[in-house]
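Student: Got a structure here, written out as structure tokens. Questions coming.
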Amino acid sequence: MVRFSSSPVSEYYFSNIDMIFLSLITLNLYLFYKTFKIGKILVIGLLILISFKNGYFMITQSYYNKGYLEKKAVVSYINQDAKSKGYPCIGISYITDPGENVGFGYLFYLKGTHLIHPSLDVPVYNIVIPEELSQKEVKQKFGHIGLIPPTTIPSREVIEKSCQTPNTNITDSLFGYVD
């Protein structure tokens, strides 16, 4: 295989090929419209059909709720639950599709939640995006974000010893970025 670059080509560059395809279709529809008498009726009918289809989709579309409001509700619930149970720190684990952007770090920072790496020495909350990935285990739902509360709670002494570690939400680098 011949490679012209040492780095992989982004999908962004391949999406530019869509413009060539779209231009060819548009040119053919224009020629069909101008050349044949029935072409005008068919092209206008096609445009009306596409408009109705897209309008119907916009009206009936169900939104996949896993945005800011749902994430904020998850963080508030976790923070409240951890405080009510007296956990000095917690671990957060994510169950999600590869490449899913979770984006909870700043929200935990705003709530002042002391996070450390998930382990058997701290209560671990599992955030599931989308909740369908672990539907049987999910106990709380926030839109399409599910939450599995800690299933094993270590002793108070073990938790307090583990919480001596600095808050990883502040000390760890962001994924993909260097310090």
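The values are calculated or read from the model by the stated rules, or taken from the named source; none is laboratory data. Only a predicted model underlies this, so the values are computations on that prediction, with no experimental measurement involved. In this analysis, Cβ positions are derived from the backbone assuming ideal geometry, glycine residues included, and neighbour counts consider all displayed protein chains. Accessible surface areas use protein heavy atoms only, side chains included; no ligands, DNA or RNA. Shrake-Rupley method; radii C 1.70, N 1.55, O 1.52, S 1.80 Å.
Student: Please report how far the C-alpha centroid of the range 78-146 lies from that of the range 24-72, rounded to the nearest whole angstrom.
Tutor: Here the two parts' Cα centres lie 40 Å apart.
Student: Still on this structure, I have one more. Over the chain, average the accessible area per residue using a 1.4 Å probe and give it in Å², no decimals.
Tutor: Each residue of the chain exposes 75 Å² on average to a 1.4 Å probe.
Student: Follow-up question, since we're still on this one. Solvent-accessible area of I145, probe 1.4 Å, all protein chains present, reported in Å² to the nearest ten, please.
Tutor: Counting only protein heavy atoms, I145 exposes about 0 Å² to solvent.
Student: Q61 to T35: extension gain in nm, 0.36 nm per residue of separation minus the Cα-Cα distance?
Tutor: 5.6 nm
Student: Just one of (1) 128; (2) 213; (3) 98 is volume of the Cα convex hull per residue in Å³ calculated from these coordinates, so which is it?
Tutor: (2)
Student: Using DSSP loop states and a limit of at most 14 other Cβ atoms within 10 Å to flag trypsin sites (Lys or Arg not before Pro), what is the longest stretch of the chain containing no flagged site? Don't skip to the end; give the middle numbers.
Tutor: Values: sites that count: R3, K85, K136, K139.
The longest uninterrupted stretch comes out as 4-84.
Student: Among S62, S155, what's the order by accessible area (1.4 angstrom probe), most exposed first?
Tutor: Correct descending sequence by accessible area is S62, S155.
Student: Simple spin-label model, 7 Å along Cα-to-Cβ: K85 to I17 in nm?
Tutor: 5.0 nm
Student: Still on this structure: How many lysine pairs in the range 37-179, separated by 8 or more positions in sequence or lying on different chains, have Cα atoms less than 19 Å apart?
Tutor: Taking the Cα cut-off of 19 Å, the pair count is 17.
Student: Find me the longest stretch of the chain that has none of the exposed chymotrypsin sites (Phe, Trp or Tyr not before Pro), where exposed means in a DSSP loop (not H, G, I, E or B) with at most 15 other Cβ atoms within 10 Å.
Tutor: Answer - 65-174.
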